[in-house]
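Okay, structure first, notes after.
The values are calculated or read from the model by the stated rules, or taken from the named source; none is laboratory data. What you are looking at is a predicted structure, and each value in this text was computed from that prediction instead of being measured. Cβ placement follows ideal geometry from the backbone for every residue including glycine, while neighbour counts extend to all protein chains displayed. When the accessible area is computed, the model is the full protein with side chains, heavy atoms only, and any ligands, DNA or RNA have been set aside. Shrake-Rupley method; radii C 1.70, N 1.55, O 1.52, S 1.80 Å.
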Amino acid sequence: MNLRLIAVFLGKLAAATGIFLLLPLLLSFYYEDTGRWAFIWTFVLSLSVAGGCLWWGEVQREWFNVREGMLLTVGGCLLLT
C-alpha cells in the first residue's frame with residue numbers, strides 16, 4: 001500500500017478545504033462577526049495538514065488499487081468532518 005500517494009491526495013483535499021474557507025473568513029471580517037476566530041483556526045489547521053501531507057507524500061505511480069481507494073475515501077470523510 002502506497003501511503004505517500006494517499007497523503008498527496010489528502011493534502012490536496014485539505015488545501016481545497018482551506019481555500020474554500022477564505023470566503024466565510026472574509027465575510028466574518030466584513031460583518032465584524034465574533035466567530036471569526038473559528039474560521040481562522042480552521043483555515044490555519046487545514047493548511048498545516050495540507051502542507052504536512054504534501055511535504056511527506058510523493059507520487060510514485062498515478063494509479064492506486066482498491067485498498068488505497070478505500071483508505072482514501074475513509075481519510076477524506078474524516079478530514080472533511
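Of all residues in segment 13-41, exactly one satisfies the criterion of being of a type in the set (S, T, N, Q), surrounded by 11 or more Cβ atoms within 10 Å (Cβ to Cβ) and free of Cβ contacts under 8 Å to residues at least 24 places away in the same chain, namely Ser28. In segment 34-57, the count of residues that are of a type outside the set (A, V, I, L, M) and on the phi > 0 side of the Ramachandran plot is zero.
Test Val49 against the criterion of being without any contact (Cβ under 8 Å) to a residue 60 or more places away in the chain, assigned to a helix (DSSP H, G or I) and exposed (fewer than 14 other Cβ atoms within 10 Å of the Cβ), and give yes or no. No: the conditions fail for Val49. Pairs are defined by a Cβ separation below 8 Å, a sequence spacing of at least 6 or placement on different chains, a first member in segment 54-70 that is among the aliphatic types (A, V, I, L, M), and a second member that is open to solvent by 80 Å² or more (accessible area, probe 1.4 Å) and assigned to a helix (DSSP H, G or I); the pairs so defined are Leu54/Lys12; Val59/Arg4. If the condition is being open to solvent by 80 Å² or more (accessible area, probe 1.4 Å), at pLDDT 85 or above and not polar (S, T, N, Q), then segment 55-73 contributes Trp55, Trp56, Val66, Arg67, Met70. Scanning segment 11-51 for residues that are among the charged types (D, E, K, R) and under 16 Å from Gly76 (Cα atoms) gives a single hit, Lys12.
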